[in-house]
Amino acid sequence: MAAAVLPETKRGRLIKACINGTATDEMRAYYKAHLMDREEVMIGKPVFEMTRKEFREYTIYCENAAYGKLEGGDCPKCRNKGLLYGLSEGGDEYAEECSCMEARRAKQTLADSEYSALLRRCTFTRYTLSHEWQRAALGRCKDWLRQRRYPFLYLGGRTGAGKTHLAVSAFAEKVRMGMHGTFVNWRTESEWLKYHKQDAGYEKQMNGLKRTPLLLLDDLLWQPKGALPTDEDLRLAKEIVDARLYNGRLTILTGNYLLRDLYSLSEELCGRLAEATGGEEKFALLFGADTVNVRLERLDDDGTCPFGV
């Protein structure tokens, strides 16, 4: 830890004069009245009158008051240094990591991930609002961020309705608030888990999905060529959902299934999602027949299929 530096300023020169005994009583009085910094005020005396222990406390106050240059958010606690300094009961100086560092690392991990471009592109302000159902969906996603009763947000139904865009936007907002988050795609994650079920890394991977403070699980239960999910897929989904629901961990899911579709696949899984989201009245956002495929709509302004069929 660096010691307090006495700058070559009027204040610095006066401190040196007071320390080496060349300052007059008037100079000392002037310093106390006009030049004491906030840290000296906290100690209750100027640096040239401090005991050795008080001066060490003063240098720590100065270290904690200094601003750092870390990126990834503005922390008023450590002032973007990532460290907080202190004195132990035995008088030893120590530095401990600020709580903001976990969020900074999480943001950097996402910035370095395969989803970084998606996270930059998918924001609430960039979500298309050409239909009333889009405005309603956007409003409910923002409402979910402000409430604490329901830990899950589910966006299910028609493809191309902007489910992933809204889910990523909500996820990114929570990460910007300082929450550690994990973003996975069901297709790749479930394939890995099923293939490595007997491997040593399986439990670690599953525990990560169950315990991360914030999880975005995109394309829940997706299968190629419209196939139905297998019993193993349903078991994996229910195990993850159960663990997160029982511990109240924030979870955002997207899928092509409405709740009634999920009910026909797994009554238990559907019931968990309805409980965790508050159902269709709250934060199970369902994009049914009254919505459109926005991707295709952009290709053909008259609302018909852009491929002539």
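The values are calculated or read from the model by the stated rules, or taken from the named source; none is laboratory data. Please read all numbers here as calculations on a predicted model, not as lab measurements. Virtual Cβ from ideal backbone geometry, glycine too; neighbours counted across all protein chains shown. These accessible areas exclude ligands, DNA and RNA; they are computed on the full protein's heavy atoms, side chains included. Shrake-Rupley method; radii C 1.70, N 1.55, O 1.52, S 1.80 Å.
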Open item on the list: With angles folded into 0 to 90 degrees, how steeply does helix 52-65 sit against the dominant principal axis of the chain? Use alpha carbons for both and round to 10.
Closed with: 40 degrees
Task: Using θ = phi - 60° and Karplus 6.51 cos²θ - 1.76 cosθ + 1.60, couplings along segment 14-30 (whole Hz; Gly, Pro as x) - done: 5, 4, 4, 5, 5, 6, 8, x, 8, 7, 7, 4, 5, 5, 5, 5, 4
TODO: Among the GluC sites (Glu not before Pro) in segment 5-96, which ones are in a DSSP loop with at most 14 other Cβ atoms within 10 Å of the Cβ? Mind listing them?
DONE: 8, 71, 89
Task: ³J(HN,Hα) computed for each position of segment 35-46 - Karplus, 6.51 cos²θ - 1.76 cosθ + 1.60, integer Hz, glycine/proline x - done: 10, 5, 8, 4, 5, 5, 4, 5, 6, x, 7, x
Open item on the list: Can you give the local net charge around residue 19? Use residues other than it whose beta-carbon is closer than 12 angstrom to its beta-carbon, Lys and Arg +1, Asp and Glu -1.
Closed with: +2
Open item on the list: Among the listed pairs 163/282; 16/81; 194/238, which have their C-alpha atoms separated by more than 18 angstrom in this model?
Closed with: 16/81
Open item on the list: Tell me which chymotrypsin sites (Phe, Trp or Tyr not before Pro) from segment 65-106 have a DSSP coil assignment and no more than 10 other beta carbons within 10 Å of their own.
Closed with: 67
- [ ] Please report the relative contact order for segment 147-237, taking Cα pairs under 8 Å with a sequence separation of at least 6, and give it as a percent rounded to a whole number.
- [x] 31 percent
- [ ] Quick one: which residues, 5 or more positions from residue 153 or on another chain, have an amide H under 5 Å from its amide H? H modelled 1.01 Å from N in the peptide plane, none for Pro or chain starts.
- [x] 251, 252, 253
- [ ] Sort 43, 19, 252 from largest to smallest accessible area, using a 1.4 Å probe on the heavy atoms of the protein chains.
- [x] 19, 43, 252
TODO: On the full set of protein chains, 1.4 Å probe, figure out the accessible area of residue 74 and give it in Å² to the nearest 10.
DONE: 130 Å²
Open item on the list: Rolling a 1.4 Å sphere over the protein heavy atoms, what is the accessible area per residue of the chain, to the nearest Å²?
Closed with: 57 Å²
Task: (1) 26, 24, 19; (2) 32, 24, 19; (3) 57, 23, 16, with the label sought being that of the calculated semi-axes √(5λ) of the Cα gyration tensor in Å - done: (3)
TODO: Springs between alpha-carbon atoms under 10 Å, Gaussian network over the chain: tell me which of 269, 87, 215 tops the mean-square fluctuations.
DONE: 87
Task: HN-Hα J in Hz across segment 151-164 - Karplus 6.51, -1.76, 1.60, θ = phi - 60°, x for Gly and Pro - done: x, 10, 10, 10, 10, x, x, 4, 6, x, 8, x, 4, 5
Open item on the list: Using a 1.4 Å probe on the protein heavy atoms only, what accessible surface does residue 126 show? Give it in Å² to the nearest 10.
Closed with: 150 Å²
Open item on the list: If I model segment 22-75 as equal point scatterers sitting on the Cα atoms and use the Debye formula, what is log10 I(q)/I(0) at q = 0.30 Å⁻¹?
Closed with: -1.15
Open item on the list: Given points 7 Å out from each Cα along the Cα-Cβ axis, report the residue 88 to residue 30 separation in nanometres with one decimal.
Closed with: 4.4 nm
Task: Accessible surface of the chain, 1.4 Å probe, proportion on carbon and sulfur as whole % - done: 50 percent
Open item on the list: Taking the full set of protein chains and a 1.4 angstrom probe, give the accessible area of residue 180 in square angstrom, rounded to the nearest 10.
Closed with: 60 Å²
- [ ] Starting from the Cα of residue 205, step 7 Å along the direction of its Cβ; do the same at residue 260; then give the gap between the two resulting points in nm.
- [x] 3.6 nm
TODO: Output the Kirkwood hydrodynamic radius of segment 122-278, Cα pairs only, in Å rounded to one decimal.
DONE: 16.0 Å
